[in-house]
Amino acid sequence: MVVDTPLANGDPTDPAFPSEQPPIPIQTPVIIKSVKVSPPKEEPTVEKTSIWNWLLFLPILTILPFYLSKLHYTLPEPLPPHDSNGDPQPSESLILGHIESLENIGYRTVGTRESVLGEQYVVDEVMKLLDQCEGSEVLRCESWTQQGSGFHSFDILDHEVLKAYNGITNIILKISSVNPPSSNSSVLIPDQSQSQSPSQKKDAILLGSHIDSTLPSPGAADDGMGVGVMLDIARVMVERNRPFDGSVIFMWNGGEGKPRPDDAELIAHQVRAMINLEAAGSTGGALLFQATSKEMIEAYSHAPHPRGTVIAADVFSSGIMMSDTDFVQFEKYLGVSGLDMATVGHSYFYHTKKDSIKYIEAGSAQHFANNIIAIVDHLTSPTSPLLQSEPFSPPNMVYFSLFDQIFVHWPIDASMPYYTALATLVVVLSVKHLSSKRWKAFLSSLIGTPLGMLGGAAAANLLAAVLRLSGKGQIWFRHEHLPLLIYVPAGYIGTFLTQLLLSKVLSPISRSQLESTYYSAQTLFLASLMILLQIANIRSAYLFAFLSTLLVFGSFSNEVLRMLGIGSKVEGMNIKSTYLIPLVGFAALAVEAITTTLDIFTPLAGRMGKDAPAEHIIATISSTSAFIFFPTFIPLFHRVPRSTQRKVVLALSLFLAGVLTALAGPWYWPYDAMHPKRVGVQYLYNHTSGEHTGHVAFMDQGPTRDIVSTIHTKFGQEDSEVVNTKLTDYDSDWDVIYPISSFIDTYKFPIAPETKEDKEFEWPTMGFYTQEVKWEYGMRELRLRFDFNGLVWPTLAFEAAVLRWSFDIPPPVEKMRHHIKVATSIDEHTQDLNLTLRMDEGERMYIHWSAVDLNQMVPGTASRLGPNMPASKWLTAIDEWADSEYGGSLEIMMNGVVCGVIEV
């Protein structure tokens, strides 16, 4: 055994050590340096993507959306009154003829002579139809005119509004068959089946629209469109002269979008369902906002140009967006199901003086009329649900349309089996990422998906806050889709930065797995939203089901290809089957949904009020829509190296900087003649104080330039000051537009009448009479009569503890401020009000009143009735200045207003 010790290796003291040894050669020492090998800067290579594959994305993201948007906005060709066989059909030319006739009458504001003339026009047209129908042995046509008075309440913008009316006219036409093809005995009113006449069966479909227009609008689209469509539908039915089941009731009401309870009482025993015809815009097809029963949804499916989705109904039912049309009122007082339909394209002119026939798009009226006649034909057919005695079913239906071509609907309960199977498949496809080699990347993806959406929304809202605080809000207002150029890049910058930060903690190997793990995480995220919404009985879950289905197709096809050996040896996913094919579906859904949403919300932001977070609403819609409708963009982001990812973020930042430079500079004014800024200007005379004041108001948070200061300098009292007023319910300056007055940014300054005639001018005033019935035990019972001769849109405001009153709802228990809006005809201008108040004997109540001067509405009545009156001259001068200075980019509502306080 040899032991490796110093001696064993040849110690010289060892006797065995040889005395002589061969010389040891001298060797040059070699210094070995320690070399540290760094890991590669980039992740291991994933599946290679050629430039040609990247180029395939371009037509899908450019040409396809362009084509689909054209398809979305395509309208039917206008039709003549009769087809090639001589059969009657809805005709846009006749509808536009009615609209033009109504517009030529003038501004049909309730309380004006023009409003009465508008009602008379409809009466005359109905009489023509009655004359045509008179000799028919097939049809029975009946008509009556109702002029009533009363009280009712409605909610608008979270404010309860009390409304009194007197002398407001409704025109009603009922068309039915002398001998209906089917027996309708099943729908006779209960307990009256033996005595009920054929014309009294509860089998009618009611069509409703309003004849009048609001301040300060000629009302061509709102609601001349609805009036014209209804007149033409009635013409078609009369000219057809053929029997049908049930009956059709046409009601043209005279209280701008607010029918009264006795309207309902008059026809409640006959009406089974209703269709409301409205307009909040002047282009595009009529959108279905609400459908309140399964039967009416199925009826809408017969429309040849369906345009509507259950998402809109979910939004309205949530209270996020106001809907206070005739539909809400008839639903409240009649208790019937129905459809709420409206033209909404280019709503920049809604309730403005530009609501004119020249801005109504060709084909828009035809689209509306074609859909209405098809729905009415179904509801008057032998298979009509109106003929059944069973009550209508709840609207537990999922429905949506695609490009006015396809309407799909199914019961919400039928969704759950498919949603469950889809969610299960999503989980199965994601299980592979739970392996020991992939779980870190998968966990990062599960966290990064919701954080990516939140990061995108946060970035977009941060930009929105900066723009708003710097006075550059609403720079996107000139086009409905312009917000996408600003907030989609901002959203993706936030989303991608979130991805970069989260992936930094992973190893290069784990980073190479992020493409496939994020694809699965995105699918799980959308499928989870689908299931949660379905459990909450929110029908919009279908949207996330479609998106999840497209992603599942991509995942499944990728797995099949890997099983076949295609791409199985590298990380990454097949770009054609996984991305390009689903992207076609994503683009189609995005175009249909985003265009419809922004077509409503972008113009709406111009009239949301000073406190509404309009900028943030638009930012959130734009950024989250991009994230939700294009879920494959995050996996694609992780397909490229980190250096390329940083370049993508840089490119988006440079693009956004360029857009902001173009739109946020001092050279850019976000309003023009087709997309005007709304401004309110009124000349207010106070009968109690004798003061003359000018008032300016804005309905948005966009830039105002020097509008207020210039108006004050040019048209205000010399050496006076402008006051930025903070209106509350106790300020009556703008009560004529209550409750909108609570949401506007207002300014006021004194006005000095210039001429002797102006100083001595006799302003109209409100007459009032008080009859005190009794005052005992802390209760005061009053009967009040107000005379609004020469006044329009009067509003009464008072603070009191009301025990009983004339309205159809019980009064609040506590003492509070009440606002009563009054609508009276020019021929019936008095209004009675009964109040029982909790008051100590001797205590007084003060009623603040305000109203528009009938003769000084610019441009409504001023030129005809009071061109030389103080407010008319002052407002006309401002109108001329605004048109010269701003070229039509200011839309000004101008009125001479009177107010005062009475002691009761």
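The values are calculated or read from the model by the stated rules, or taken from the named source; none is laboratory data. From a predicted model like this one, the values you see are computed outputs, not experimental measurements. When we count neighbours, we look across all protein chains shown, and the Cβ atoms used for this are built from the backbone with ideal geometry, even at glycine.
Okay, residues lined up against (1) within 34 Å of the chain's Cα centre (by Cα); (2) surrounded by fewer than 16 Cβ atoms within 10 Å (Cβ to Cβ):
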{"site": "PHE630", "(1), (2)": "yes, no"}
{"site": "PHE637", "(1), (2)": "yes, no"}
{"site": "GLN645", "(1), (2)": "no, no"}
{"site": "LEU654", "(1), (2)": "yes, yes"}
{"site": "ALA662", "(1), (2)": "yes, yes"}
{"site": "GLY702", "(1), (2)": "yes, no"}
{"site": "VAL708", "(1), (2)": "yes, no"}
{"site": "VAL723", "(1), (2)": "yes, yes"}
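Which of the following residues is crowded, with 24+ Cβ neighbours inside 10 Å and over 23 Å from PRO81 (Cα atoms): SER213, SER209?
That would be SER213, the only listed residue that is crowded, with 24+ Cβ neighbours inside 10 Å and over 23 Å from PRO81 (Cα atoms).
If I ask for residues that are in contact with a Pro (Cβ under 7 Å, 6 or more places away or on another chain) and either free of Cβ contacts under 8 Å to residues at least 60 places away in the same chain or part of a loop (DSSP other than H, G, I, E, B) (or both), which ones from segment 880-904 would you list?
GLY888, SER889
Just give me the residues in segment 454-463 being more than 13 Å from VAL488 (Cβ to Cβ) and either of a type in the set (A, V, I, L, M) or not assigned by TED's automatic domain parsing to the domain that holds ALA521 (or both), in sequence order.
Of everything in segment 454-463, those that are more than 13 Å from VAL488 (Cβ to Cβ) and either of a type in the set (A, V, I, L, M) or not assigned by TED's automatic domain parsing to the domain that holds ALA521 (or both) turn out to be LEU454, ALA458, LEU462.
Just give me the residues in segment 527-546 being in contact with a Gly (Cβ under 8 Å, 6 or more places away or on another chain) and crowded, with 22+ Cβ neighbours inside 10 Å, in sequence order.
If the condition is that a residue be in contact with a Gly (Cβ under 8 Å, 6 or more places away or on another chain) and crowded, with 22+ Cβ neighbours inside 10 Å, then no residue fits.
Taking the condition of being among the hydroxyl-bearing types (Ser, Thr, Tyr) and in a loop (DSSP other than H, G, I, E, B), how many residues in segment 757-809 meet it?
Within segment 757-809, residues that are among the hydroxyl-bearing types (Ser, Thr, Tyr) and in a loop (DSSP other than H, G, I, E, B) number 3.
Check whether at least one residue in segment 507-522 is in a helix (DSSP H, G or I) and in contact with a Gly (Cβ under 6 Å, 6 or more places away or on another chain), and report yes or no.
Yes, the conditions are met somewhere in segment 507-522.
Against the conditions (1) more than 23 Å from GLY148 (Cα to Cα); (2) at pLDDT 95 or above; (3) hydroxyl-bearing (Ser, Thr, Tyr), where does TYR777 fall short? Just the number, please.
Condition not satisfied by TYR777: (2).
In segment 757-779, which residue that is farther than 24 Å from ASP729 by Cα and surrounded by 17 or more Cβ atoms within 10 Å (Cβ to Cβ) is farthest from the chain's Cα centre (by Cα)?
ASP758
Scan segment 817-850 for residues that are among the hydroxyl-bearing types (Ser, Thr, Tyr), in a strand (DSSP E or B) and under 30 Å from TYR107 (Cα atoms) and jot them down.
Correct list: THR824, THR830, SER850.
Residues to consider are SER101, SER115, SER84; find the one that is among the polar types (S, T, N, Q), surrounded by 14 or more Cβ atoms within 10 Å (Cβ to Cβ) and free of Cβ contacts under 8 Å to residues at least 40 places away in the same chain.
The conditions single out SER101.
Across segment 730-756, what is the total count of residues that are part of a loop (DSSP other than H, G, I, E, B), crowded, with 20+ Cβ neighbours inside 10 Å and among the aliphatic types (A, V, I, L, M)?
Final tally of qualifying residues: 2.
Just checking, does segment 848-867 include any residue being more than 27 Å from GLU103 (Cα to Cα), at pLDDT below 95 and of a type in the set (Phe, Trp, Tyr)?
No: zero hits.
Cβ-Cβ under 8 Å, sequence separation 6+ or interchain: first residue in segment 798-826 and more than 14 Å from ARG838 (Cα to Cα) and surrounded by fewer than 13 Cβ atoms within 10 Å (Cβ to Cβ), partner small (Gly, Ala, Ser) and at pLDDT below 90. Which pairs?
Cβ pairs passing all conditions: ILE809/SER153.
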